[in-house]
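Right, one structure below, let's go through it.
The values are calculated or read from the model by the stated rules, or taken from the named source; none is laboratory data. Please read all numbers here as calculations on a predicted model, not as lab measurements. So basically every Cβ, Gly included, is an ideal-geometry build from the backbone, and we count neighbours across all protein chains shown. For accessibility, only protein heavy atoms count, side chains too; no ligands or nucleic acids. Shrake-Rupley method; radii C 1.70, N 1.55, O 1.52, S 1.80 Å.
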Amino acid sequence: MIQAKGYAAAIAKAPLAPFQFDRRDAKDEDVVIDIHYCGICHSDIHQARDEWGGSIFPMVPGHEITGVVSKVGPKVTKFKVGDKVGVGCFVDSCRECEHCKAGLEQFCETGMSATYNGREQDRKTPTYGGYSNKIVVDQNYVLRIPDNLPLDAAAPLLCAGITLYSPLAHWKAGPGKKVAIIGLGGLGHMGVKIAHALGAEVTVLSQSNKKEADAKRLGADHFYATSEKSTFTKLRGSFDLIINTVSMPLDWNAYLSLLRVDGSMVVVGVPEEQVPIGAFSLIGGRKSLAGSLIGGIAETQEMLDFCGKHNITSDIELIPIQKVNDAYERVVKSDVRYRFVIDIASLN
Ligand code: NAP
Ligand code: ZN
């Protein structure tokens, strides 16, 4: 066994605290990674506080992992010691179902192994995430980080980046398309950067005017505060695609009214509560309401290469792991510009 250390929540809503645990020794196709950085995703908070139910404790959160390969198993062909690598939201899947074969491992029929708050494919061994110094992952679930991207600011690409890239690509954001991003947080700010790089006309819909200058600097063409009622009359029927990154329940019907005929609103934010939808919000205008969950391994690599080519990383605030509980409070208050990343060297 490999001795690892990190920070864990012992029970739901407990503050995260130092935690020692074991990682498996490298099997034939495993890569041992020295973790350098791990982003803090709002999903970490939802799960550490058991807001979605069914959380497994103790929990070492973290699925925006970057680091360097320190050892490889004898049958590893894709990576070597010293490579800059990343690990995202899952570390395994069945590899045999229709979706795994299509590169949509996130929709594995028997369930992917989430990087934390999950179980290995044996359905028994709990998984522990990236708020820790080492991780052991099968080579087929490890991503390559482009050389020109710094490992700290690249970490959030592993979840926030792919979660926005995947729907932007699937719904064909690009030149001539009007895209709105609701919520300028960790996910939202990656959406602005990526949609802009894809050539779309980008609008940010934020609660207040506070983030307007940032939004424009990140690549937004337009910015509107949703606290102003006139925003919804002004923008009625405007967008081909709206991506909703907000973790709180909003009036989705009001946002659907901002779509053009045949437009789509894609939900990626995950509120605890159910959100009511009226049929009239969809039928007048043949509108679609959809959802999207992270992305598969091949698409995550495609996103990383795209970000390498366009020099896209996250705007981060680097923190020592001892500040993780304060960072959680600030994320909940939308007080982060725009992603916290833990410097794992602070564990020592
Ligand atoms: P975040 O950094 O907290 O950003 C969320 C943003 O939503 C905030 O910055 C804020 O932007 C806006 N917001 C917050 N409270 C609001 C409210 N009451 N009313 C209106 N807007 C509000 O969180 P994140 O890490 O980007 O994650 C966002 C959500 O996506 C979470 O629920 C997370 O679990 C989920 N998620 C989903 C996937 C997936 O695959 N589908 C992957 C990762 C995360 P403004 O200040 O601009 O209004
Ligand atoms: Zn995440």
**Straight-distance crosslink candidates among lysines, where the alpha carbon sits under 29 Å from Lys234 and sequence neighbours closer than 8 are dropped** = Lys172, Lys177, Lys178, Lys193, Lys210, Lys211, Lys216, Lys287, Lys333
**Prompt:** Just the accessible area per residue of region 161-291, please: how many Å² with a 1.4 Å probe?
**Reply:** 44 Å²
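Could you compute the net charge surrounding Tyr116? Neighbours are other residues with a C-beta less than 12 Å from the C-beta of Tyr116; K and R count +1, D and E count -1.
Values: positive: Arg119; negative: Asp44, Glu64, Glu120.
For residues surrounding Tyr116, the net value is -2.
First obtain the Kirkwood hydrodynamic radius of the chain from its Cα pairs, then insert it into the Stokes-Einstein equation at 37 °C and 0.692 mPa s, and state the resulting D in µm² per second as a whole number.
Working: Rh = 20.5 Å.
Answer from the Stokes-Einstein relation: 161 µm²/s.
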**Message:** If I model a spin label at Ser208 and Ala102 as a point 7 Å from the Cα along the Cα→Cβ vector, what separation in nanometres do I get?
**Reply:** 4.4 nm
**Request:** On the protein heavy atoms, probe 1.4 angstrom, tell me the percent of accessible surface of region 161-291 carried by carbon and sulfur.
**Result:** 53 percent
**Asked** Could you give the distance between the Cα centres of region 1-46 and region 49-104, to the whole Å?
**Response** 12 Å
**Request:** Just grab the label-to-label distance for Lys216 and Ile11, each label 7 Å out from Cα along the Cβ direction, in nm (one decimal).
**Result:** 5.1 nm
**Complete:** Measure of exposure for Arg24: accessible area at 1.4 Å probe, Å² rounded to 10, is 70 Å²
**Prompt:** What ranking, highest mean first, results for peptides 279-291, 320-332, 170-182, 195-207 when packing means the other Cβ atoms within 10 Å averaged over each residue?
**Reply:** 195-207, 170-182, 320-332, 279-291
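Provide the FRET efficiency to the nearest 0.05 for the Asn311-Phe280 pair, computing r from the beta carbons and using R0 = 35 Å. Don't skip to the end; give the middle numbers.
Values: r = 44 Å, r/R0 = 1.26.
That gives a FRET efficiency of 0.20.
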**Prompt:** Which percent, to the nearest 5, of DSSP beta bridges fully inside the chain are antiparallel?
**Reply:** 55 percent
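Order the following by accessible area, largest value first: Tyr37, Tyr338. Probe radius 1.4 Å; ligands, DNA and RNA are ignored. Before the final figure, lay out each step's value.
Working: Tyr37 50, Tyr338 5 Å².
Putting Tyr37, Tyr338 in descending order of accessible area: Tyr37, Tyr338.
Determine the dipole magnitude for region 161-291: charges of +1 sit on the beta-carbon of Lys and Arg, -1 on that of Asp and Glu, nothing else is charged, the reference point is the Cα centre, and the result goes in debye to the nearest 20.
On the way: 14 positive and 10 negative charges, 70 e Å.
Computed charge dipole of region 161-291: roughly 340 debye.
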**Complete:** Regression test value, accessible area per residue of region 39-106, probe 1.4 Å, units Å², expected 39 Å²
**Item:** Proximal lysines to Lys5, defined as alpha-carbon separation beneath 25 angstrom and excluding residues fewer than eight positions away on the same chain
**Value:** Lys13, Lys27, Lys71, Lys80, Lys84, Lys124, Lys134, Lys323
